[in-house]
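**Student:** So that we are looking at the same thing, I have put the structure below in structure tokens.
Just so it is clear, none of the values below were taken in a lab; they were calculated from the coordinates. It should be emphasised that the depicted structure is a prediction, and the values quoted were computed from it without experimental measurement. Here Cβ is always computed from backbone atoms with ideal geometry, including for glycine, and neighbour counts include all displayed protein chains.
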There are 4 protein chains.
Amino acid sequence: MNGSGTIRTRVADATASPFTNKGAFSVSEIRVTVWHEFRHEKRTEAVRAVYPDGIHMTIAAGLQEHGFTNVRTATLDEPEHGLTEEVLAQTDVLTWWGHMAHREVDDAIVERVAQRVLEGMGLIVLHSGHFSKIFRRLMGTTCSLRWREAGENERMWVVSPGHPIVQGLGPYIDVPHAEMYGEHFDIPAPDELVFISWFKGGEVFRSGCCFHRGHGKIFYFRPGHETYPIYYQPEIRQVIANAARWAAPVRAFEYPYHLSGRAINVKEPLELLGEPQL
Amino acid sequence: MNGSGTIRTRVADATASPFTNKGAFSVSEIRVTVWHEFRHEKRTEAVRAVYPDGIHMTIAAGLQEHGFTNVRTATLDEPEHGLTEEVLAQTDVLTWWGHMAHREVDDAIVERVAQRVLEGMGLIVLHSGHFSKIFRRLMGTTCSLRWREAGENERMWVVSPGHPIVQGLGPYIDVPHAEMYGEHFDIPAPDELVFISWFKGGEVFRSGCCFHRGHGKIFYFRPGHETYPIYYQPEIRQVIANAARWAAPVRAFEYPYHLSGRAINVKEPLELLGEPQL
Amino acid sequence: MNGSGTIRTRVADATASPFTNKGAFSVSEIRVTVWHEFRHEKRTEAVRAVYPDGIHMTIAAGLQEHGFTNVRTATLDEPEHGLTEEVLAQTDVLTWWGHMAHREVDDAIVERVAQRVLEGMGLIVLHSGHFSKIFRRLMGTTCSLRWREAGENERMWVVSPGHPIVQGLGPYIDVPHAEMYGEHFDIPAPDELVFISWFKGGEVFRSGCCFHRGHGKIFYFRPGHETYPIYYQPEIRQVIANAARWAAPVRAFEYPYHLSGRAINVKEPLELLGEPQL
Amino acid sequence: MNGSGTIRTRVADATASPFTNKGAFSVSEIRVTVWHEFRHEKRTEAVRAVYPDGIHMTIAAGLQEHGFTNVRTATLDEPEHGLTEEVLAQTDVLTWWGHMAHREVDDAIVERVAQRVLEGMGLIVLHSGHFSKIFRRLMGTTCSLRWREAGENERMWVVSPGHPIVQGLGPYIDVPHAEMYGEHFDIPAPDELVFISWFKGGEVFRSGCCFHRGHGKIFYFRPGHETYPIYYQPEIRQVIANAARWAAPVRAFEYPYHLSGRAINVKEPLELLGEPQL
């Protein structure tokens, strides 16, 4: 792809793409993979009580409720964590929830996912996923924060009211019981800041953050503790559905780079240079 | 809307909205008004030769080619410049081309359009529209620049490859003959920078710029001189169609403010304050 | 300046400039004008009790405490509101506090101040100054917000810890009694977001916001109600001093534009164009 | 630092800090370490001819010319690449030039430097340093680009005229002979875009880019090929000096996180929570 030095001007074939310029743009054409650690449920009754089939199944159900018909799941303990080359090649948007086993995610799989994001695959990182290898890989910072588990209430304010991720929402979302996350949230400044959260105990947090990396789009969304029924909440489901639509790849020229690769040597200039200068 | 002090939590009725969460999101449902000064064509043969029916008709044809079926036009010399309260209330995206008669646009109409943008109407400002009253009103700067008319070639590079406005494009767009616009382009830093142009004569220019104002989205797009057939060029039509889809309003809570209005006094806190403190 | 078409490459004379590359950069060389409406104090005993000489004198004292020796004041009721061409020409940073008489600020003076900001003069807008003509002029939005006067406490969190405006601060600033300002704060997305405030009653607010307009820098800083002694608070004084240093003009090429002016026609290209093309 | 759950409100001791609020802010107090790969010079006569003592010595001389008196150098082949814990603890700003031996930089040293940047140390990445491990680590993308070595001329336009990094400059900088770097430059969108370059052969490039990571500030500056005398050019030296001043750490609360560490559990809320909720 890179070695020849020519610009790849080949544009995605419009007929093959579900994302055409004309006519309908349908959520049913966006292929989502919901990735989940799926460990808490197996160990803790309190979590099973809220998410009997696993958090991933609840998130997937929420997407299906919003018209996404191409939703699959993948979990940590599957071979290759369910994220084979084939699965990732057929994934338009990947959601990620992890908490107690970030270290067990294989580094090679992380690189594979990172490369796919740079190629255009969307990534939605949920709650404790702020500490996932993939999110830290793409941010370059610790992604650390302050936290407290006291069941206090949270209020998520919209600060970007024209953003597609807030479609269908009011000025704020009430979360009756939440685990507090507080600033300073050690991330790069979001390209687009969508939500800011208020916590009863006195903290604030940038709880809805958009980032662009390569051709891909990433949305970090804070709510989602394993012992609270947050992923059943209608507004939370609305946001995740909106985010999946926002993060879906744009069909344009192919991403020309590779994490392990080289720069592109363009020997032939696009304009005449005249006499060789040096 | 504002005086009562309560938060308007009423969310746009999903059934009435064309922008539903489920199913298709169709460009045919986006209502576009193409506004044009329409003076050059009437005065100058060279312009009529390129745009016999007016630049606005060519832009509208480009949108229709891309599936927009709800396109109307409006021009400076119509009553209220064709931008009555009724027309604007039924406009989701307004495109704007003006050059030699910016001063003739009525200030009250400019305020009316500005209020609609803040309420969520999209605005696409084209070429010499950088000096329009409406664009300067929303930017707060002079929007001035350097320019030269020598028919030199332009190359517009994509610098935001995951952005929906670049759907269907390659790494750059060639414009064979253009009027040069050069930095420093006196605008606020774009919220999203999509294109950077190269000119044969030595200048560069931020030629595709996204801004958010209130609930509205604005896209400034540089190409488009009146004596060059740029609005017939397929890639240019692609960008304008993509921009119209990007700029369409998001259906969420209503914009609660007014340019001539007041702040919202929220007498009742959302949380208990305890003993009155002062 | 503009008409000749040549690029002004004259760079500010280093010897004349206080902002030299070598040696000391001293706050004593930054000329600050503290502008104040100065009406509340004259009408209301409760305000005089807190600010007997006027809010402007307290702000000026804070700056002097931080090493600024070139501080003057100006008020609404002076001729030309104290903002003559001469005063503005000798002002590096202008601070602005107004509340009940924004409408009385003369439009021509507003344009004069706006032009100076675009030329490089810094502007610090305080508290209710969010509704000042000058701030709304430079933002292009209503700058409206939600508010409540209940004396509740505020906590201002730092979210940009590497920013010069947070020098000398801890992770947050406590304001024991404040007038609440809440989102949605109708401003463009700040170029740099420095503080986010938490209010007891349930709201959040982007309370420290940086904007760039032309060659100038603007800092909006929320705290500062007329009946609370906020401008005596050490951390608040620290922020205002830091902001004045941040907002001071950079000595580089002169701002080439004018709010009432034209674009710059550059007839001679910087590179050879070859055969005239059209 | 982290385990106790209390907020570190200890603020840097003003008397110990060179960056005081009052009086002079002097570049002579900023401690710069100029890091260089220093391999080309040893292998290639053409490089030695331009930089007989090594690129690092030329960059250091440029800084000293601009009043920096605390400048040291470090090179790849020194023990720990000259970047011991002690050296880094005493470095306020690190500049980085590498090209043919990025892979030889020890991963543990890269992590050490990354941690220091997050703690507040400034980082200036020059030219081919775009592919350094440290820059890629902090960006999360490939940082790849298109390139051509034909000695064509470059013109670097200022697009952020109020930015301290452009102090002392005109509207653009001419570089008579350069190695072309062209878009798409695979970096996150810069927090502040300062320069855009034009190349004779038809490309553009975002050549001066600011990023914030943790408490640190990073400036990527494109010019600087090993066979062109770019680091002797006055405007280039001006930019590097300005960038070193801009990137110097801000003295505020200590960075509380660690790349290998945990989040901060704040058991005691800052506000009363009332009855335990869950």
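**Student:** List the lysines whose Cα sits under 24 Å from the Cα of residue A:267, skipping any in the same chain fewer than 8 residues away.
**Tutor:** Within the straight-line cut-off, residue A:267 pairs with B:200, D:200.
**Student:** If the elastic network links every pair of Cα atoms under 10 Å, which of C:50, C:34, C:194 fluctuates the most in the Gaussian network model of chain C?
**Tutor:** Highest fluctuation of the listed residues: C:50.
**Student:** When you look at the Cβ of every residue in A:30-43, what mean number of other chain Cβ atoms sits within 10 Å?
**Tutor:** Mean number of neighbouring Cβ atoms from other chains: 0.
**Student:** Given axes a ≥ b ≥ c from the Cα gyration tensor, I'd like to know whether the stretch B:16-162 is rounded (a/c under 1.5), prolate (a/b larger than b/c) or oblate.
**Tutor:** Judged from the Cα gyration tensor, the stretch B:16-162 comes out rounded (a/c under 1.5).
**Student:** Also: Under the definition of partner shielding as Cβ atoms of other protein chains within 10 Å of a residue Cβ, what is the mean value for peptide C:151-160?
**Tutor:** Going residue by residue through C:151-160 and averaging, the value is 5.
**Student:** When only DSSP loop residues count, what GluC sites (Glu not before Pro) in the stretch C:104-140 have their Cβ near at most 14 other Cβ atoms within 10 Å?
**Tutor:** Qualifying residues, ordered by number: none.
**Student:** What is the local net charge at residue D:250, summed over the other residues whose Cβ is closer than 14 Å to its Cβ (Lys, Arg +1; Asp, Glu -1)?
**Tutor:** Surrounding charge for residue D:250 is 0.
**Student:** Among all the lysines, which ones have a C-alpha under 26 Å from residue A:217's C-alpha, if same-chain residues fewer than 8 places away are not counted?
**Tutor:** A:22, A:133, B:22, B:217, D:133, D:217
**Student:** With charges set only on the Cβ (+1 for Lys and Arg, -1 for Asp and Glu), what does the dipole of the stretch C:192-278 come to about its Cα centre, in debye to the nearest 20?
**Tutor:** Dipole of the stretch C:192-278, to the nearest 20 debye: 360 debye.
**Student:** Taking other Cβ within 10 Å of each residue's Cβ, how do C:92, A:106 sort, fewest first?
**Tutor:** A:106, C:92
**Student:** Using Cα-Cα distances under 8 Å and only pairs 6 or more residues apart, what relative contact order does chain D have, in percent?
**Tutor:** Computed value for chain D: 23 percent relative contact order.
**Student:** Between the DSSP loop rule and a limit of at most 12 other Cβ atoms within 10 Å, which trypsin sites (Lys or Arg not before Pro) in the stretch B:233-278 are left?
**Tutor:** Those that pass, being in a loop and sparsely packed, are B:267.
**Student:** Another question, then. Which one, A:120, A:91, A:67, is farthest towards the positive end of the dipole of the stretch A:44-174 when Lys and Arg carry +1 and Asp and Glu -1 on their Cβ?
**Tutor:** The listed residue farthest towards the positive side: A:120.
**Student:** How far, in nm to one decimal, is residue C:80 from itself in the other copies if the label point is set 7 angstrom along Cα toward Cβ? Shortest first, please.
**Tutor:** Values, ascending and in nm: 4.2, 6.1, 7.4.
**Student:** Continuing with this model, one more query. For the stretch A:87-175, what does the relative contact order come out to in percent, with C-alpha contacts under 8 Å and a separation of six or more?
**Tutor:** Once divided by the residue count of the stretch A:87-175, the mean separation gives 26 percent.
**Student:** Separate question: What is the calculated FRET efficiency for residue A:177 to residue B:259, with r their C-beta to C-beta distance and R₀ = 51 Å, to the nearest 0.05?
**Tutor:** Calculated value: 0.80.
**Student:** Mind checking which of A:261, A:241, A:224 is farthest towards the positive end of the stretch A:222-264's charge dipole, using Cβ charges of +1 (Lys, Arg) and -1 (Asp, Glu) about the Cα centre?
**Tutor:** Selected residue: A:261.
**Student:** Can I ask one more? Once you order the gyration tensor axes a ≥ b ≥ c over the Cα atoms, which shape class does the protein assembly as shown get: rounded for a/c under 1.5, otherwise prolate or oblate by comparing a/b with b/c?
**Tutor:** Rounded is the answer for the protein assembly as shown, as its axis ratio a/c remains below 1.5.
**Student:** Quick one: which residues, 5+ away or cross-chain, put their amide H under 5 Å from the amide H of residue D:150? H built at 1.01 Å from N.
**Tutor:** HN-HN under 5 Å from residue D:150: D:180.
**Student:** Oh, and also: Once you have a ≥ b ≥ c as the square roots of the Cα gyration tensor eigenvalues for chain D, tell me rounded if a/c is under 1.5, and otherwise prolate or oblate according to whether a/b is larger than b/c.
**Tutor:** prolate
**Student:** Would you mind computing, in nm to one decimal, how far apart the modelled labels at residue A:69 and residue C:89 are, each placed 7 Å from Cα along Cα→Cβ?
**Tutor:** Simple spin-label model gives 7.3 nm for this pair.
**Student:** Placing a label point 7 Å from Cα toward Cβ, how far apart in nm is residue A:61 from its equivalents in the other copies, listed shortest first to one decimal?
**Tutor:** 5.4, 6.4, 7.2
**Student:** Going 7 Å from the Cα of residue B:80 along its beta-carbon direction, which residues of the stretch B:109-146 have the amide nitrogen within less than 16 Å of the resulting point?
**Tutor:** B:109-117
**Student:** Using a Förster distance of 25 Å, how high is the FRET efficiency between residue C:44 and residue C:111, based on the Cβ-Cβ distance and rounded to 0.05?
**Tutor:** 0.20
**Student:** Shortest first and in nm with one decimal, please list how far the residue B:49 label point sits from its counterparts in the other copies (point 7 Å along Cα→Cβ).
**Tutor:** Values, ascending and in nm: 5.3, 8.0, 8.2.
**Student:** A further question on this structure: If the elastic network links every pair of Cα atoms under 10 Å, which of B:68, B:253, B:185 fluctuates the most in the Gaussian network model of chain B?
**Tutor:** For chain B, modelled as a Gaussian network with Cα springs under 10 Å, the answer is B:253.
**Student:** Continuing with the same structure: Which residue in C is nearest the C/B rotation axis when you measure from the C-beta atom, and what is the distance in Å?
**Tutor:** C:140, 2
**Student:** To continue, here is another question. So what is the 222 nm mean residue ellipticity for chain B from helices alone, if each DSSP H run of at least 4 adds -39500 (n - 2.57) and you divide by all residues, rounding to the nearest 500 deg cm²/dmol?
**Tutor:** -6000 deg cm²/dmol
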